[in-house]
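Bear in mind that the values in this text are calculations on the coordinates, not laboratory data. All values reported here derive from a predicted model rather than from experimental measurement. Counting neighbours? That spans all protein chains shown, and the Cβs are built from the backbone with ideal geometry, glycine included.
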Amino acid sequence: MSEKIRKAFENGKAFIPFITCGDPDLETTKACVRAAVDNGADLIELGIPFSDPTAEGPVIQQANVRALTGGVTTDKVFAMVEELRKDVSVPFVFMTYANVVFSYGAERFMDRCRETGIDGLILPDLPYEEKGEFSDVCGKYGIDLISLIAPTSKDRIAMIAREAEGFLYIVSSLGVTGERSEITTDLKSIVDIVRQSTDVPCAIGFGISTPEQAGKMAALSDGAIVGSAIIKLLAKHGDKAAPEVGAYVKSMKEAVLAAG
């Protein structure tokens, strides 16, 4: 397991922003990553754009379209990560779809992850039963394959948790990503089962947009993950979004730390 990912959860509760690479362009992505880190982000989820992102709601789907229309490729994303690694040391985790890795070539993809300094990989469309297809090659290159636990996982929660690497991504609500006015899932009972099954940290994502929600989720778990609310800032401010993203991350990190 990546020591770097474990360390990301050691400065109080973790705040994890998600950014779609190349929306609206890769220079803006770099500026937003740096702004997020400067304002307390503990780990960054980087989305590799894909034409059919089934787990995403309209906000992140549109970000994928904007990035792909702008000509972003997986190779260009790797080159961007290499550049960021010159001055950014927090863990990076890719979030993308199995097809992206398959079409690139799983061995080649993981090798490039190791070369550029990617610490983990999240594939929301990879069922637990099929993760063997990727876990061996991830292990070979030292990349944590991060599992998701959904409200529907029920009897499988302990099983998924026992094999967890990096951190566990607990999905707060049924459906796709996007902001929600309230989160009604009984997350405490899910986290309790996770805690009994593993000492791997867990963070809650999907539907979190306000500092108040982030604080509540961090109080239950080890951290909060936010995507759509950040992507909305990018949609609104375009290539001038970095200061807005930085200010937003600062307010969210303060909220999760207060929940500690």
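When the pairs 7/240; 76/250; 154/188 are compared against a 20 Å limit on Cα-Cα distance, 7/240; 76/250 fall above it. Equivalent-ellipsoid semi-axes for region 48-136 (Cα gyration tensor, √(5λ), whole Å, largest first): 20, 19, 12.
Separation of region 12-83 from region 131-176 is 21 Å, based on Cα centroids.
What the Cα convex hull of region 1-155 gives, in volume per residue, is 122 Å³.
Within the chain, DSSP assigns beta bridges of which about 0% are antiparallel (rounded to the nearest 5). Full extension of the chain between residue 162 and residue 140 gives 5.9 nm of extra length, using 0.36 nm per residue less the Cα-Cα distance.
Computed from the alpha carbon atoms alone, the convex hull of the chain holds 107 Å³ per residue. Charge dipole of region 62-141 (Cα centre as origin; +1 on each Lys and Arg Cβ, -1 on each Asp and Glu Cβ, all else neutral): 260 debye, rounded to the nearest 20. In this structure the amide hydrogen of residue 47, modeled in the peptide plane, comes within under 5 Å of the amide hydrogens of 19, 20, 21, 95, none closer than 5 places in sequence on its chain. Listed values for region 144-150 are Karplus-derived 3J(HN,Hα) couplings in whole Hz (6.51 cos²θ - 1.76 cosθ + 1.60, θ = phi - 60°), namely 6, 8, 8, 8, 9, 10, 9, and x replaces Gly and Pro. If a spin label sat at a point 7 angstrom from the Cα of residue 76 along the line to its beta carbon, no backbone N atom of region 95-117 would be nearer than 11 Å. Whole-Hz Karplus values for region 206-217 come out as 6, x, 8, 9, 9, x, 4, 5, 4, x, 4, 5 Hz, taken residue by residue from phi with 6.51 cos²θ - 1.76 cosθ + 1.60 and θ = phi - 60°; glycine and proline positions read x. Can you list the lysines whose alpha carbon sits under 19 Å from that of residue 140, skipping same-chain ones fewer than 8 residues off? Partners within reach: 4, 131.
Over the chain, with a Gaussian network built from C-alpha contacts below 10 Å, which listed residue (115, 244, 130) shows the highest mean-square fluctuation? For the chain, modelled as a Gaussian network with Cα springs under 10 Å, the answer is 130. Computed over the chain, the per-residue total of -39500 (n - 2.57) for DSSP H runs of n ≥ 4 gives a 222 nm mean residue ellipticity of -14000 deg cm²/dmol, rounded to 500.
Charges were assigned to the Cβ only: +1 to each Lys and Arg, -1 to each Asp and Glu. The resulting dipole of region 3-259 about its Cα centre is roughly 440 debye. Other residues within the sphere of radius under 12 Å centred on the Cβ of residue 215, judged by their own Cβ, net out at +1 (K and R +1, D and E -1).
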